[in-house]
1. Ser2 versus (1) modelled with pLDDT under 95; (2) over 20 Å from Glu345 (Cα atoms); (3) of a type in the set (Gly, Ala, Ser): which is the lone unmet condition?
2. Every residue in segment 160-185 that is over 28 Å from Ile27 (Cα atoms) and touching a strand residue (DSSP E or B) at 6+ places or on another chain (Cβ under 7 Å), please.
3. All but one of (1) part of a loop (DSSP other than H, G, I, E, B); (2) modelled with pLDDT of 65 or more; (3) open to solvent by less than 70 Å² (accessible area, probe 1.4 Å) hold for Gly255; state the number of the condition that does not hold.
4. If Gly263 satisfies every condition in (1) at positive phi; (2) modelled with pLDDT of 75 or more; (3) not charged (D, E, K, R) but one, which is the exception?
5. Residues of segment 193-205 being of a type outside the set (Gly, Ala, Ser) and open to solvent by less than 70 Å² (accessible area, probe 1.4 Å), which ones?
6. Please go through segment 294-320 and give me each residue that is under 16 Å from Ile366 (Cβ atoms), modelled with pLDDT of 95 or more and not hydrophobic (A, V, I, L, M, F, W, C), ordered by number.
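The values are calculated or read from the model by the stated rules, or taken from the named source; none is laboratory data. Fair warning: this is a prediction, and the values are worked out from it, not measured in the lab. Methodologically, a virtual Cβ is constructed for each residue, glycine included, from the backbone with ideal geometry; neighbour enumeration extends over all protein chains shown. Side chains are part of the model used for accessible areas, which takes the heavy atoms of the whole protein and leaves out ligands, DNA and RNA. Shrake-Rupley method; radii C 1.70, N 1.55, O 1.52, S 1.80 Å.
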Amino acid sequence: MSTDHDFPWDIGIHDAHCHPTDTMASIDSIPNMKTRSLTVMATRGEDQDLVQQITQTINNQQEPSKVSDRVVPCFGWHPWFSHQVLDDTATTADLDLQDTSMKEAHYINVLTPSPGEDTEFLECLPNPKPLSQLIAETRERLELFPYSLVGEIGLDKSFRLPGAWTREELENRDDQITPGSRENRRLSPYKVKLEHQKTVLKAQLQLAGEMQRAVSIHSVQAHGAVFDTLKGLWVGHEKVLPSRREREKRRDAVGALSEDEDGEDCASPNPTSGVSLKGPALAFPPRICMHSYSGPVEPLRQFLNKTNPSDVYFSFSYVINFSGPGARKVIDVVKMLPDERILVESDLHTAGPQMDDLLEQVTRQICEIRGWELRKGAQQLADNWKRFVFG
């Protein structure tokens, strides 16, 4: 890539979505990266503690409540692993999670087609985690880090679960990779029913609202379903837009106030000052990132409607968005977005120079599409990330 003097690393480049805990051997490279901040996602049972661990280690925090933006932790359950979550919200009965028949009944209920006759596949699946326990554990982690996010969460209509490990796959497994992901296994025919994914997503969105945290959302062939889920939480909380006359009165009042105060600085507090800016608990997150957005232009009007009580951002990664056949569509999306709602990400599973390079590539790509001068564009993207994460 470039040398440091012709790319504005000094402004601060912020990765809005990445997964370095998938390759723990790469974590030691984070302090030497050019990238200023990594917004690190958790996705499943195996990586929640790892995200917490590297945040405390990399940020060198004696007190977890102290704000540092080198690593921003995100705790959540990805739709690819939502089948491992048992919805216990409608029952008061004690659950025996070691009960094989209950485990099988759960997976038969949430997967399609039914794996009822596929005993080998059912046996390889873990005992499910109760949704209430997942939410309680996530709440504890969010409380530990007042600037943390909820993510990666979302919906995915295309994903199929990996099959049971074969002997050959086990023998060739890369032990540098954190367990729990697909790891190049052959795919099974089974998908997680969308309604079950929605149940897990909605519970995490409501937790983000309760804690007033931003969320990072995964959406594949499910942008309409994601929007409908959000809209259901927004009902009754829509912003009321002022009339033209009210806007004019407000402008006049603000102008008079500015003159009286003789230019007094009314800027918002610095979000990294160590103060947690927390608003009242709501049923929906205050800020949302549609990560590596791959949808068409048309849904943008819904997500960006000024009456929406959540601010919706869109992040883009070089590998997902600009290196395949969908690049033309993404260019049209980037052109249509407001300046202040664009973020960049790597979505990479390993930290280090490759992550730096991908972030430089996508930053340059976004600046070229928007017609931004590079330093101006990098500053805009940095400001957007700070506003998305800290409010």
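1. Condition (2) is where Ser2 drops out.
2. Arg160, Gly163, listed by residue number.
3. (1)
4. Among (1) at positive phi; (2) modelled with pLDDT of 75 or more; (3) not charged (D, E, K, R), the lone unmet condition for Gly263 is (2).
5. Answer for segment 193-205, where residues must be of a type outside the set (Gly, Ala, Ser) and open to solvent by less than 70 Å² (accessible area, probe 1.4 Å): Leu194, His196, Gln197, Lys198, Thr199, Val200, Leu201, Gln204, Leu205.
6. Tyr313, Ser315, Ser317, Tyr318
Residue-wise test of (1) assigned to a loop (DSSP other than H, G, I, E, B); (2) open to solvent by less than 20 Å² (accessible area, probe 1.4 Å); (3) at pLDDT below 95; (4) more than 27 Å from Lys335 (Cβ to Cβ).
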position: Leu207; (1), (2), (3), (4): no, yes, no, yes
position: His218; (1), (2), (3), (4): no, yes, no, no
position: Lys231; (1), (2), (3), (4): no, no, no, no
position: Lys239; (1), (2), (3), (4): yes, no, yes, no
position: Pro242; (1), (2), (3), (4): yes, no, yes, yes
position: Arg251; (1), (2), (3), (4): no, no, yes, yes
position: Pro280; (1), (2), (3), (4): yes, no, yes, yes
